[in-house]
Amino acid sequence: QVQLVESGGGLVQPGSSLRLSCVVSGVKLSDFRLGWLRQAPGKKREELFCIGRTGDRHGYADAVSGRFTVSRDNAKNTAYLQMDALNPGDTARYYCALHHTRCPSVSDGFYDYWGQGTQVTVSS
């Protein structure tokens, strides 16, 4: 069974940093592209990044550009999202997801497998 488990979220103050992890089981991570997405209450789901099988990275959200960094460690079947300079606008539930297809040039939010997400709340 394919499982994705996110962790690392929490309640932090503006300007803080968090590193989210996504542990994948049931499949070989190197066979998939991996996405990081988020959804805030009452708002549309937003695709942040996609990282391909060969390590190519694509960013889709200007709001996190320069502050968030995506990476993957195929040997550990784990992906990461490093989040710096957090602000209240980053408050959302964050998800990782998998799909066989390479990352698209333009965000499409199309993934086959999803984790349950981890909550990030940024507040003073």
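The values are calculated or read from the model by the stated rules, or taken from the named source; none is laboratory data. What you see is a predicted model; the values in this text were computed from it and never measured. In this analysis, Cβ positions are derived from the backbone assuming ideal geometry, glycine residues included, and neighbour counts consider all displayed protein chains. The protein model used for the area step is the full one, side chains on, heavy atoms only, and it has no ligands, DNA or RNA in it. Shrake-Rupley method; radii C 1.70, N 1.55, O 1.52, S 1.80 Å.
Summary of values
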| quantity | calculated |
| --- | --- |
| Evaluation of GLY42 against (1) touching a Phe, Trp or Tyr at 6+ places or on another chain (Cβ under 8 Å); (2) on the phi > 0 side of the Ramachandran plot (one fails), failing number | (1) |
| Out of LEU29, LEU18, LEU4, LEU34, sole residue that is open to solvent by less than 50 Å² (accessible area, probe 1.4 Å), farther than 14 Å from HIS99 by Cα and hydrophobic (A, V, I, L, M, F, W, C) | LEU18 |
| Extreme residue, modelled with the lowest pLDDT, among residues of region 45-68 that are open to solvent by 80 Å² or more (accessible area, probe 1.4 Å) and among the hydroxyl-bearing types (Ser, Thr, Tyr) | THR54 |
| Strands (runs of 3 or more DSSP E) lying entirely in region 12-124 (those with 1 or more residues that are without any contact (Cβ under 8 Å) to a residue 24 or more places away in the chain and closer than 20 Å to VAL2 by Cα) | 68-73 |
